[in-house]
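Colleague: Starting off with a structure, shown below.
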Amino acid sequence: MKKASTNIIYNAVYQLLIIVLPFVTTPYVARVLGKEALGINSYVNSIPVFLSFIILMGMNQVGVRVIAQSTKENLEENFKKLWGLQLLSGLIVIISYIVVVCLFMSYKFYFLIEIPFLIGYVLDISWFYIGRGQVKTVVMRNTIIKLTLVATIFIFVHSEQDLWIYLLINSITYLANFVFWLGIKTEIPQFKFGRIHFSKQYLKESITVTIPSVAAQFYTSFDQTIIGLLAGSVQLTYYAQTQTMARAVVQLLGSVTIVLMPIMAKMDSEEADENQIQNLLKVSLDYTLILGLLFTSALMVNANKFIVWFFGSRYQAMTDNFFWVSLLVVIIPYGGIYANQFALSKGMYRIVAIPYLVGAVFSLIGNFVFAGCFGANGGTTIIVLTELLVCGMRIWLVRGHLDFKFLWHEHWKYWLIFGLTLLIGLHIPINLGSLFFDLVVQTIIVGLLFVILLVGLNTRVRQDLMRLKKG
């Protein structure tokens, strides 16, 4: 558990970096590139991001699980079989992508710039190190890439005409995934590239996991393609950019799941006590919900002033989108625990797949109906309803395997605290003459109010703090 705690800290620090960096780059890019270019960027990026999940072939789930359960004797063989699938999938996707872009797509030059991005995903074996419990290796590599990306954006991107440079920078940084291969000999001393081969052993399992992952991209990435086609690049900018902050926080809250999933998979393979698994799940659910509601309330209360301060006055039309899309901060991580931390660790791939598929169908139909008529507002409504539907289905499908009375104890208190904090926060007038200081003061007030209510209603937070004090 000491290593698990260290891994959680490393991953949390990295996810915190992911939250901080958009605060550095997005205001600059929004002002330099403008609404039209930002929309084109979102449109062009949406398709390669969608394809990256096909290339990975479910390795972030199946690969992590198999590697976590591998012994010293079969580690090399399992890794080669897994990456062989990823390599084959990557070659097929990249060749098909080039053909389709050259024959059918507009913005051909921009789309071809994304090829290094796709190659980077072929090289991505971070799942191997996560399965081995070496989160530090993954975090350090990704941190270097993110910092390099930020530096090069400020150095080379200065006007709307530099959109191709911005796309190229984002694309080629993913080639840095090759550094994972530099350490493979340490983990597998006898490893040789010539022995990589395609095996059908994990094909069915990988496809089973890939299908829901790809389906999820229909409402987290490909939805941007649809909105861009139906509503135009400016509306796409409003839709996509308001999710920047929300999804950054989602990654932070989901970092615990990344670390705990292989641990729970190992516990399951060793037939650990079921109460131990449920207790671990309870802690994860409680604090994910508490933090999710805290961040959501802070984002919603600050929505109006934040948009103007962060993106500029030209983007004020995004305020309502930002307010409602903030709900994703609590919806996605909370539902993700039931799917990624529990169901995947037990190999319940069908249960994981169904919500994604239903969400994909709902999103596609919803966006085709509403995005053309209501633009970014319609898209935002659909993404929130889609994620709510997916979360609800994830919970419903594991109802026979979990004790909800135990897991949901006190959850009503957290939602009550969220409602009170939001109600009070929206009606506290803060006007110090500076948007930045307004945001800081308002966030501090929201945070203090939330914590005071957590302690005042005698939630587990108060009890855990008392234990720490006694310890």
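The values are calculated or read from the model by the stated rules, or taken from the named source; none is laboratory data. Keep in mind that what you see is a predicted model, and the values were worked out from it rather than measured. Using ideal geometry, Cβ is built from the backbone for each residue, glycine included, and neighbour counts are taken over all protein chains shown. In case anyone asks, the SASA skips ligands and DNA or RNA and just uses the protein heavy atoms, side chains included. Shrake-Rupley method; radii C 1.70, N 1.55, O 1.52, S 1.80 Å.
Colleague: So what is the accessible area of the stretch 88-154 per residue, in Å², with the probe set to 1.4 Å?
Modeller: Using a 1.4 Å probe on heavy atoms only, each residue of the stretch 88-154 averages 45 Å².
Colleague: Looking at the stretch 36-93, which GluC sites (Glu not before Pro) are DSSP coil and have at most 15 other C-beta atoms within 10 Å of their C-beta?
Modeller: E73
Colleague: Relative to the Cα centre, what is the charge dipole magnitude of the stretch 68-183, using +1 at the beta carbon of each Lys and Arg, -1 at the beta carbon of each Asp and Glu, and rounding to the nearest 20 debye?
Modeller: 300 debye
Colleague: Which one of V135, A37, V101 is farthest out on the positive end of the charge dipole of the stretch 15-147, using unit charges on Cβ (Lys, Arg +1; Asp, Glu -1) and the Cα centre as origin?
Modeller: V135
Colleague: Rounded, prolate or oblate: which fits the stretch 56-199, taking a ≥ b ≥ c as square roots of the Cα gyration tensor eigenvalues, rounded meaning a/c under 1.5, else prolate when a/b beats b/c?
Modeller: Details: a/c = 2.97, a/b = 1.58, b/c = 1.87.
Here the stretch 56-199 falls in the oblate category.
Colleague: To continue, here is another question. Explain nothing, just the number: relative contact order of the chain, from Cα pairs under 8 Å at least 6 residues apart, as a whole percent. Intermediate results must be reported in sequence, preceding the final value.
Modeller: Numbers: 619 pairs, mean separation 96.4, N = 471.
Contact order relative to length: 20 percent.
Colleague: Does the stretch 348-454 come out rounded, prolate or oblate by the C-alpha gyration tensor, with a ≥ b ≥ c the root eigenvalues, rounded set by a/c under 1.5 and, if not, prolate when a/b is larger than b/c and oblate if not? It would help to have the intermediate numbers written out before the result.
Modeller: Details: a/c = 3.55, a/b = 1.34, b/c = 2.66.
The shape class here is oblate.
Colleague: Could you sort 319-332, 151-164 so that the peptide with the highest average Cβ count within 10 Å comes first and the rest follow in order?
Modeller: Those peptides, ordered most packed to least, come out 319-332, 151-164.
Colleague: For n ≥ 4 DSSP H runs only, could you compute -39500 (n - 2.57) per run for the chain, divide by its residues and tell me the 222 nm figure to the nearest 500?
Modeller: On the way: 21 runs with 371 residues, N = 471.
Computed mean residue ellipticity for the chain: -26500 deg cm²/dmol.
Colleague: Taking the Cα of F368, stepping 7 Å toward and past its beta carbon, and measuring to each backbone N in the stretch 213-234: which are under 16 Å?
Modeller: In the stretch 213-234, the label zone of F368 (backbone N under 16 Å from the point 7 Å along Cα→Cβ) covers 218-219, 222-231.
Colleague: Rounded to the nearest 0.05, what FRET efficiency is calculated for K200 and L420 with R0 set to 56 Å and r the Cβ-Cβ distance?
Modeller: My answer for the efficiency is 0.50.
Colleague: Taking the Cβ-Cβ separation of L385 and K192 as r and a Förster radius of 41 Å, what is the calculated FRET efficiency to the nearest 0.05?
Modeller: The calculated FRET efficiency here is 0.25.
Colleague: Is the shape of the chain rounded, prolate or oblate, going by the alpha carbon gyration tensor and its root eigenvalues a ≥ b ≥ c, with a/c under 1.5 for rounded and a/b larger than b/c for prolate?
Modeller: Here the chain falls in the oblate category.
Colleague: I would also like to ask the following. Exceeding 21 Å between C-alpha atoms, which entries from my cross-link table qualify? They are K72/K146; K72/K282; K136/K185; K282/K346. Numbers along the way, then the final one.
Modeller: Numbers: K72/K146 33 Å; K72/K282 32 Å; K136/K185 17 Å; K282/K346 17 Å.
In this structure, K72/K146; K72/K282 exceed 21 Å between Cα atoms.
Colleague: Where the accessible area of the chain is counted over protein heavy atoms with a 1.4 Å probe, how much of it, in %, is carbon and sulfur?
Modeller: The value for the chain is 69 percent carbon and sulfur by accessible area.
Colleague: While we're looking at this one, here's another question. Between F104 and N458, what is the spin-label point distance in nm, taking each point 7 Å from the Cα along the Cα→C-beta axis?
Modeller: 6.3 nm
Colleague: Same structure again: Over the stretch 416-460, with the other protein chains present, what is the accessible area per residue in square angstrom, probe 1.4 angstrom?
Modeller: Details: 2510 Å² over 45 residues.
Heavy-atom accessible area per residue stands at 56 Å².
Colleague: Shifting gears a bit: Using the Cα centre of the chain as the reference point, and only Cβ charges (+1 on K/R, -1 on D/E), how large is the resulting charge dipole? Debye, rounded to the nearest 20.
Modeller: Dipole magnitude for the chain comes out near 820 debye.
Colleague: Using r as the Cβ-Cβ distance of W309 and I155, and R0 as 35 Å, what FRET efficiency do you calculate, to the nearest 0.05? Intermediate results must be reported in sequence, preceding the final value.
Modeller: Working: r = 25 Å, r/R0 = 0.71.
That pair, W309 with I155, gives E of 0.90.
Colleague: Can I ask one more? Excluding I337 itself, what net charge comes from residues whose Cβ is under 15 Å from its Cβ, given Lys and Arg +1 and Asp and Glu -1?
Modeller: +1
Colleague: Give, in nm to one decimal, the length gained when the segment between D403 and N431 is fully stretched (0.36 nm per residue of separation minus the Cα-Cα distance). Let's see the in-between values first.
Modeller: Details: separation 28, 0.36 × 28 = 10.08 nm, distance 4.71 nm.
Here the answer is 5.4 nm.
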